[in-house]
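Written below as structure tokens is the structure these notes are about.
FYI, it's all coordinate maths here, none of it is from the lab. Computed from a predicted structure; not experimentally measured. Here Cβ is always computed from backbone atoms with ideal geometry, including for glycine, and neighbour counts include all displayed protein chains.
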Amino acid sequence: MVINHKVLGIVTLLYLLLFFMHILYFSLKKEKIITLIWVVLYITLGLHTFGLALRWIESYKLNIGHAPLSNFYESLIFYAWCVSFVQIMMKKRLSFPIITMLASLIALFFMGYASISPSIEKHIQPLIPALQSNWLHIHVITCFISYAAFVISFICGLLYLIKWKGVIPPEETLEEINYRSIVVGFPMLSAGILTGAVWAHYAWGSYWSWDPKETWSLITWIVYALFLHARFVKGWRGKRIAMLSIIGFLSVIFTYLGVNFILSGLHSYAT
Amino acid sequence: MLKFLTSIRLTIFLLSFISIGSLFGTFIKQKASVEEYLSIYSENTYRIIRLLGLDDTYHSPWFFALIILFAVNLTICTLGRFTRFIRSERDMKLPDEHTLTNMEMHFQIQGKDSVEAIKKLKKRYHSIHEEEEGIVLEKGALSRYGALTIHASIIVILLGSFIGLIFGYKGFMVLKKGEVRDQITIRGDNTKERPLGFALRCKDFKASFYPGGEPKDYVSTVEVIENGNIVLEKNIRVNDPLNYKGIHVYQASYESTPSFLFNIGGENVILRERDTYKKNDLILMVARFEGMIHDFGPGVLIAYLEKGEPKTLWFLKDVERLREKNIQGTHIRLEDIRDELYTGLEVSKDPGVWIVWIGFAFILVGLYMNFFIYHRKVYIRKASNGIIVAGFASKNREAFNEEFERLKRTLW
């Protein structure tokens with residue numbers, strides 16, 4: 001087993017630990033645990049970054065050096081990294097353990113899925129000609145940061161609808177966090193689509209070819225654009241906004257996973 | 001009618017329909033053959049798909065109409081927003097005492113001179129309106145142009161894509177090593193050729209692979225020939241197209257086809273599948289190629305006429321006894337089977353692409369303006385025994401609250 005897999009294995013366990021620390025907090029209600037949770041989250045993100053860096057270095061040792069952003073396994077690992085990164089970026093607002101609990105649970109899911117599923121190729125693979133471009137980095141990073149920000153928005157929407165007393169932050173706060181995460185996600189998704197379009201122009205010969213991935217990213221973009229207009233132009237609040245952020249995230253997941261598994265197209269690096 | 005065209009309700013309706021239409025387009029196979037559709041759907045379903053144009057959703061008239069309507073709606077909304085904006089800037093007034101004290105963020109300082117306070121605030125904010133009784137200042141005004149910039153950029157992008165659609169084209173060219181062509185094939189309902197205005201010659205093509213067998217690099221060395229002169233030579237790779245006179249040439253695919261070297265009556269002849277060879281009475285045709293015939297290796301099936309009767313015969317390269325034969329008195333021997341590489345080049349011209357890039361750049365600028373700068377106004381007004389200071393931000397109130405508190409401390 002290669003070292004990056006070991007490190008990423010420990011990272012997966014840390015996400016599990018984070019989840020249990022939240023459970024502990026909810027049963028003991030000691031504020032100290034929250035401080036500890038953030039410390040562990042920082043350590044986890046640090047180690048996670050280290051794991052990705054190791055994988056990058058190991059790829060150079062195999063003479064096929066490239067950033068670990070090239071296949072499905074690497075995208076799952078990077079998605080989990082982005083979820084933690086966005087949490088730390090939004091730390092000031094995320095002082096509600098229920099949100100960080102669900103976010104680390106989602107990160108845990110991606111890490112676990114990546115390492116457990118037998119159908120996922122975990123080894124470092126060489127870059128095929130279509131991916132040999134500097135656009136790869138900026139395109140993948142912007143897309144996954146946006147996907148991660150939408151995780152937070154989804155959690156807020158979900159919590160708003162559940163209305164679980166005592167644990168859920170106040171409704172206005174949830175809406176504010178929801179909106180703030182879309183402020184990160186929407187520009188990032190736009191940048192991801194645009195960098196993808198420029199790259200497609202140089203690699204495939206057309207900046208837009210209605211490839212299923214492209215089309216679904218556009219659908220996702222439209223859903224969040226509707227969210228922003230509903231909120232600012234129509235003044236929507238509450239349940240309807242929560243529903244929109246859930247629909248938006250379903251569309252994100254379909255763009256990321258559904259397109260790869262159900263539809264075929266130019267973006268078929270992942271399966 | 002005009003009111004409907006400019007309404008946000010129409011925008012929401014159009015965007016929803018564009019999304020749903022696109023969604024169908026991703027689930028239903030696009031531009032496939034009738035046989036393919038009938039193998040997936042029943043005849044009635046296929047009839048509905050054809051009727052709705054869902055076999056080529058993104059180029060169907062109704063999808064096009066939705067996009068055009070969206071462009072019109074967006075243009076009118078953007079213009080309307082812009083004029084309202086200019087008007088509100090012109091009618092700037094300092095609110096009265098009552099309005100200011102009713103604002104969420106405000107404070108009063110007793111016995112304070114307004115001149116000094118205004119001087120202090122002018123260092124941090126831009127004055128936009130001054131009158132006898134006080135002043136209106138602002139910061140981050142750019143943010144109010146954010147949405148406008150984004151919307152205008154989308155119109156620019158749509159414009160660029162229409163220009164590409166009308167004046168651009170896309171086709172492909174398959175070149176064998178050494179071959180020269182000056183026409184491309186345009187795909188479509190009726191495939192047609194189109195002259196390029198110059199010729200391309202494939203000087204070389206190489207495909208390389210990683211030790212594990214994954215493709216590593218496809219490179220076509222291509223010469224651009226114009227009026228008989230070589231004007232440019234370039235290695236075209238997958239992420240590195242050739243650009244000549246606004247025409248892009250991309251490395252899209254490659255094919256390998258076997259060619260067969262025959263010695264026919266002492267003469268070396270290269271034949272490919274379906275080729276015919278004629279000399280005097282002898283007529284040969286390469287009917288078929290098989291990579292492996294039982295355990296005997298590759299073989300070529302030759303069809304020929306013997307006394308008016310069609311006959312066939314296998315030539316096996318690796319079996320000495322079966323690689324030569326006399327047909328109508330001529331000695332024929334299969335000397336070699338070679339793989340000939342063809343490079344598949346995608347050729348496209350899109351004069352609208354620069355407009356699209358400009359739209360992209362401005363959309364990013366607009367997003368930054370809209371989401372990462374926020375607009376706030378600060379008012380100072382002389383009151384009976386001092387000054388009233390009030391502040392207002394339409395977005396990001398939390399951040400402005402902190403800023404306003406700091407402002408309060410500096411003024412006290």
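Sequence neighbours fewer than 8 away in the same chain don't count; with that in mind, list the lysines whose C-alpha is under 22 Å from A:LYS61.
A:LYS6, A:LYS122, B:LYS216
So if we plug the beta-carbon distance of A:GLU171 and B:GLU398 into 1/(1 + (r/R0)^6) with R0 = 22 Å, what FRET efficiency do we get, rounded to 0.05?
0.85
For chain B, treating each Cα as an identical point scatterer without solvent, what Debye log10 I(q)/I(0) comes out at q = 0.08, 0.11, 0.14 1/Å?
-0.76, -1.05, -1.27
Can you list the lysines whose alpha carbon is less than 17 Å from that of B:LYS349, not counting same-chain residues fewer than 8 positions off?
Straight-line reach from B:LYS349, under 17 Å: B:LYS170, B:LYS192, B:LYS245.
So, in region B:6-136, how many Lys pairs have Cα atoms under 22 Å apart, if the pair is 8 or more places apart or on different chains?
Counting lysine pairs in region B:6-136 gives 7.
Can you work out the Karplus-derived ³J(HN,Hα) for every residue in region B:20-31? Use 6.51 cos²θ - 1.76 cosθ + 1.60 with θ = phi - 60°, whole Hz, and x for glycine or proline.
Using θ = phi - 60°, the values come out as 5, x, 4, 4, 4, x, 7, 8, 9, 4, 9, 6 Hz.
Roughly speaking, what is the centre-to-centre gap between region A:27-99 and region B:65-120 when only Cα atoms are used, to the nearest Å?
So the separation of the two Cα centres works out to 42 Å.
If we count other beta carbons within 10 Å of each Cβ, what is the order of B:ASP350, B:ASP318, B:ASP281, fewest first? Spell out each step's value before the answer.
On the way: B:ASP350 24, B:ASP318 13, B:ASP281 9.
Taking fewest neighbouring Cβ atoms as first place, the list is B:ASP281, B:ASP318, B:ASP350.
Can you compute 3J(HN,Hα) from phi for each residue in region A:236-242, using the Karplus curve 6.51 cos²θ - 1.76 cosθ + 1.60 with θ = phi - 60°, rounded to whole Hz and x for Gly and Pro?
So the J values, rounded to whole Hz, are 5, 9, x, 4, 5, 5, 4.
Taking H as built 1.01 Å from N, whose amide H comes closer than 5 Å to the amide H of B:HIS375, not counting residues under 5 places away?
Correct list: B:SER394, B:LYS395.
Using the 10 angstrom Cβ neighbour count as an exposure proxy, how do A:ARG231, B:ARG47 rank, fewest first?
B:ARG47, A:ARG231
Counting only other chains, and only Cβ atoms inside 10 Å, what mean value do you get across the residues of A:63-70? Kindly include the intermediate steps, with their values, before the conclusion.
Values: counts 2, 5, 0, 0, 0, 0, 0, 0.
That works out to 1 on average.
Grab the alpha carbons of region B:260-338, take their convex hull, and tell me the volume per residue in Å³.
Each residue corresponds to 86 Å³ of Cα convex hull volume.
How do B:MET103, B:MET92, A:MET111, A:MET21 rank when sorted from fewest to most other Cβ atoms within 10 Å of their own Cβ?
Lowest count first: B:MET92, B:MET103, A:MET21, A:MET111.
How many nm is it between the label spots at B:ASP336 and B:ASP113, if each spot is 7 Å from the Cα in line with the beta carbon?
Distance between the two pseudo-spin positions: 10.1 nm.
What distance in nm separates the two pseudo spin-label positions at B:GLU132 and B:VAL180, each 7 Å out from Cα along the beta-carbon direction?
8.7 nm
State, in angstrom, two size descriptors of the protein assembly as shown derived from its alpha carbons: Rg to one decimal place and Dmax to the nearest whole number.
33.0, 125
Quick check on my link table: of A:LYS163/B:LYS377; A:LYS239/B:LYS139; A:LYS30/A:LYS163; A:LYS29/A:LYS163; A:LYS29/B:LYS395; B:LYS206/B:LYS279, which ones sit more than 28 Å apart, alpha carbon to alpha carbon?
As for pairs spanning more than 28 Å Cα to Cα, those are A:LYS163/B:LYS377; A:LYS239/B:LYS139; A:LYS29/B:LYS395; B:LYS206/B:LYS279.
For chain A, what percent of Cα pairs sit more than 32 Å apart? Mind dumping the intermediate values first?
On the way: 8957 of 36585 pairs.
That fraction is 24 percent.
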